[in-house]
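Everything below concerns the one structure shown next.
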Amino acid sequence: MRGWIKKTAGLAMAVMMMAVTGCGVSSNTTKEEVTEMATEEKPAEAEEQDVLNVNVDNMLLYCITPSTANPFFEAIQRACKEEGEALGYTVKCESHDEDASRQAELFDEAIAEGATAIICDNADPDATIEPVERAKEAGIPTFLVDREINREGLCISQIVTDNYQGATAVAQYLVEVTGGEGRYIELLGPENDKNCRIRSEAFHAILDRTNMEMAAQRSAKWDREEGRIKTAKLLLRYPDITAVVCGNDAMACGAADAVAEANPDHEIFIIGMDGSDEMADNITEGRATATVLQQIDAMTRNAVNQANDYLMKGRTGVEEKQWMDCVLVNKDNADRIEGFVNRGK
């Protein structure tokens, strides 16, 4: 098994030679004396740094995500497996089901099995910090996709959607098609999910400047069936609503199911976020209005390739925090969306 790759400060000696000369070292000072001075005065930040690749020869990638019952997370595991296997890795996929305790167990399993690297869509921005630290201590690098954590410097990469940009884009489209009038209901994801909060804030940054009024706000936990049930109940209570604003596509598809079952006497506009095939089909069929494509397939493949670069070369060549814009999906391009990829490009 290959050990830790070392990164050295190659210019340390040259810099020290210049420094001691500038401090008045005579021209008679010997090369040996200068070398000894440089060794004694070498600053702490010039010390060697370890690259996390103790299990590089195992060629095992662990992919940890929320439940694949949501096609968005299924797409992460699929892309990770395809890209990882193409690079020669064995890829093991597991789901934490939004349970931080289960996620911690999976990190421990990855450590015990000698994972080469971990690709993760995390369960909680704070609770994930400790498992990532344990993996780092074990010499295993972590690469995050979709959701960031509230700490930098632990993960090698955090490749995340610009949720604010995406949510404002789809909210602005809703304003255009409604004329900025009418009442709406909002479906949220889990309350502890940072993406949920960011998307809702972005929705309101646009909608609160119009004549649109929120009648009710409920959590449907990113789930399609929860979205259907919550929307059906709210339609009975607020039959005059003209829009359903959803934090993701699974809830939006559930809302579309509920609206179709209720068969109201006026149009109800439904927006989401993700860019799933199901939502694209609903838009094409006129059952939903718009979403934004989170480029999760590309983000995941980028994470796998960055992991490979890091493990083999000791660096990724990019910053830890990386943002990807969303792409608006409406009736004009919904038929080109497949597997969280815009096939029309």
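The values are calculated or read from the model by the stated rules, or taken from the named source; none is laboratory data. Nothing here was measured: the structure is a model prediction, and the numbers come from that model. Ideal geometry is used to build each Cβ from the backbone, glycine not excepted, and the neighbour counts take in all protein chains shown. Side chains included, ligands, DNA and RNA excluded: accessible areas come from the protein's heavy atoms. Shrake-Rupley method; radii C 1.70, N 1.55, O 1.52, S 1.80 Å.
Structural remarks
- Rounded if a/c under 1.5, otherwise prolate or oblate - region 201-265, Cα gyration tensor axes: oblate
- Measure of compaction for region 102-192 (Cα Rg per 2.2 N^0.38 Å): 1.48
- Placed amide H near residue 275: partners under 5 Å, 5+ positions off or other chain: 249, 292, 294
- Potential extension, residue 191-residue 108 segment - 0.36 nm per residue separation minus Cα distance: 27.3 nm
- Solvent exposure of the chain, expressed per residue, is 46 Å² of accessible area, with all protein chains present and a 1.4 angstrom probe.
- Estimated at 0.36 nm per residue, the fully extended path between residue 285 and residue 133 surpasses their Cα-Cα distance by 50.0 nm.
- For region 283-345, size of Cβ-based charge dipole, Lys and Arg +1, Asp and Glu -1, in debye: 100 debye
- The helix-only estimate of mean residue ellipticity at 222 nm for the chain, built from DSSP H runs of length n ≥ 4 each weighted as -39500 (n - 2.57), is -13500 deg cm²/dmol after division by the residue total.
- Area of residue 97 that stays accessible when all protein chains are in place (1.4 Å probe, Å², to 10): 100 Å²
- The calculated pair-distance distribution of region 65-138 uses every alpha carbon pair, bins of 10 angstrom beginning at 0, and gives 20, 51, 29, 1 percent.
- Computed about its Cα centre, the charge dipole of the chain is approximately 420 debye, with only Lys, Arg, Asp and Glu carrying charge at their Cβ.
- Cα extents for region 191-345 along the principal axes, largest to smallest and rounded to whole angstrom: 61, 32, 29.
- Fraction of antiparallel bridges per DSSP, the chain only, in percent to nearest 5: 15 percent
- Modelled label positions at residue 85 and residue 267, each set 7 Å beyond Cα in the direction of Cβ, lie 4.4 nm from each other.
- Cα gyration tensor shape of region 171-280, rounded if a/c is under 1.5, else prolate or oblate by comparing a/b with b/c: rounded
- With viscosity 1.567 mPa s and temperature 4 °C, the Kirkwood radius over alpha carbon pairs of the chain converts through Stokes-Einstein to a diffusion coefficient of 58 µm²/s.
- Among beta bridges identified by DSSP and lying wholly in region 215-345, the antiparallel ones come to about 50 percent.
- Semi-axis lengths, Å, region 276-326, gyration tensor of Cα atoms, sqrt of 5 times eigenvalues: 34, 11, 4
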